[in-house]
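First comes the structure, then the notes that go with it.
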Amino acid sequence: MSHDEKTCQELVLDCLLDFEEGTMPEADRVELQRHFEMCPPCLNFLTTYRATGRTLKMLKPREIPPALAETVIVFVRKRCKKEGG
């Protein structure tokens, strides 16, 4: 992976939620939209992100078995601990 691709990934991951929810300042939104127009990998990521959101909205909520819920909680806590230091 090149330096430019990593920079794009960081940019998109850091900004995508604000971009999609419309909470990003307009000047930043215009700049990020320009980036998407010039960067096919980021545009593909945005398209996939949006499709995933639509798919998740179609799923019906179900109760998670307690053992699975505990496994997920433990995993997330370990992951956060690794990333935090």
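Rule-based calculations on the coordinates, nothing more; no lab input. Since we're looking at a predicted model, the values are computed, not measured. Here Cβ is always computed from backbone atoms with ideal geometry, including for glycine, and neighbour counts include all displayed protein chains.
See the values below:
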item: Diffusion coefficient, µm² s⁻¹, Stokes-Einstein with Kirkwood Rh over alpha-carbon pairs of the chain at 20 °C and 1.002 mPa s; result: 138
item: Potential lengthening between LEU56 and ALA27 on full extension [0.36 nm per residue; Cα-Cα distance subtracted]; result: 7.5 nm
item: Full-stretch length increase - GLU10, GLU63 - with 0.36 nm per residue and alpha-carbon distance subtracted; result: 15.7 nm
item: Unpartnered cysteines - no second Cys beta carbon under 4.7 Å - across the chain; result: CYS8, CYS15, CYS80
